[in-house]
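All remarks here apply to the structure that follows.
Rule-based calculations on the coordinates, nothing more; no lab input. From a predicted model like this one, the values you see are computed outputs, not experimental measurements. Please note: Cβ atoms are built from the backbone with ideal geometry, for glycine as well, and neighbour counts cover all protein chains shown.
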Ligand SMILES: [Zn+2]
């Protein structure tokens, strides 16, 4: 029997792989387009298209185009602040107690927007929303692989500037083929030297070698996706030995066609190999999903028991970039919900 919906709803959740820009749901897009001549109808058209396609993309490039479309709607620091508050309200509805949200800082720089003003607006809004909603968030700044090492350095400088103001980690996303890990070893060393945590998207659109590179060369503390690791027992062994968790995003992988369907996500194989797994929604609004839905679907497709579902939440707490006492608090909440 599948886990009751109420159990998943009540389970205190933690999300580690979540892009602010990919969290703009139709109503937030409508809010953003208001008063911008001509945008309203364009947005409606775009939303209709996503719905018609069932939030699926035939290629990774097609997905990137959709991501770009929403990113370009974020024109001002106030737009970013609105995106933040709407995302946090959504997370609170799903009983997400803690989230590490990725801000595509590299994309803000690419758009030639003032990153200081953008982040300060986002941070201020998130502090207000934390108090109101009873949850916590921290921030990850990520750079774009294909923009190269110099660009990544620029993003790192900003991340380090805001390290004591909610930015906990430096990450890397984008095109793995055009921006291999080997370009970024120095940037990651510097990130560690300035006391930032590190992570990278890897093994999403390319093979297991990209995961190995992220672990061995970039020495990341977590891998975003790492889907391809499941194809290579040695890479799974490496993740297990080094204790590097994967931020699994099955709904995202299925939407982009990296796996045929959600049920094809190699969760059982990764767990059997002893890899620490977490569940995440990635760009939930672009994939028509949510963290709660990822848990509901995973529980149904992989017949997860209550302790297994709670275990995935506990893994996320342990893999979070939080002080120990905050982790303890979250773990207690999860254990109480799991028995209760
Ligand atoms: Zn991602």
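So what is the orientation-averaged projected area of the chain, using the convex hull of its C-alpha atoms, in nm²?
Mean orientational projected area (the chain, Cα hull): 15.9 nm².
Two decimals is fine: what is log10 I(q)/I(0) at q = 0.11, 0.15 Å⁻¹ for the stretch 46-149, from a Debye sum with one equal scatterer on every Cα and no solvent?
Here log10 of I(q) over I(0) equals -0.40, -0.74.
What nm distance separates the two modelled labels at residue 128 and residue 269, each placed 7 Å from Cα along Cα→Cβ?
In this crude label model, residue 128 to residue 269 measures out at 4.8 nm.
Within the stretch 112-141, which residues have the backbone N less than 19 Å from the label spot 7 Å out from residue 89 along Cα→beta-carbon, could you tell me?
121-137
Any chance you could check the Cα centroid distance between the stretch 92-123 and the stretch 300-333 for me, in angstrom?
When both Cα centres are located, 24 Å separates them.
Just how far, in whole angstrom, is the stretch 1-68 from the stretch 124-200 if you go by their alpha carbon centroids?
23 Å
Highest mean first, what order results for 41-53, 225-237 on Cβ atoms within 10 Å?
By packing density, highest mean first, the sequence is 225-237, 41-53.
If r is the Cβ-Cβ distance from residue 261 to residue 120 and R0 is 41 Å, what FRET efficiency results, to the nearest 0.05?
Calculated value: 0.45.
Take residue 326 and residue 65, extend 7 Å from each Cα along the Cα→Cβ direction, and tell me the distance between the two endpoints in nm.
My value for the distance between the label points is 4.0 nm.
In Å, what Kirkwood hydrodynamic radius results for the stretch 181-221 from the alpha-carbon pair distances?
Value: 10.2 Å, from the Cα pair sum.
Roughly speaking, what % of Cα-Cα pairs in the stretch 1-89 are separated by over 24 Å, rounded to a whole number?
32 percent
Bin width 5 Å, alpha-carbon pairs only: give the P(r) of the stretch 198-268 as whole percents, running from 0 to the bin holding the largest distance.
Bins of 5 Å from zero give 3, 20, 31, 26, 13, 6, 1 percent of pairs.
On alpha carbon coordinates alone, what is the Rg over Rh value for the stretch 209-328, Rh being the Kirkwood radius?
Ratio of gyration radius to Kirkwood radius: 0.95.
Over all distinct alpha-carbon pairs, what is the Kirkwood Rh of the stretch 66-109 in angstrom?
About 11.6 Å, per the Kirkwood formula over Cα pairs.
For the pair residue 39 and residue 111, how long in nm is the line joining their label points, each one 7 Å along Cα→Cβ?
0.9 nm
Normalised by the number of residues in the stretch 214-322, what is the relative contact order in percent for Cα pairs under 8 Å and 6+ residues apart?
Result for the stretch 214-322 is 24 percent.
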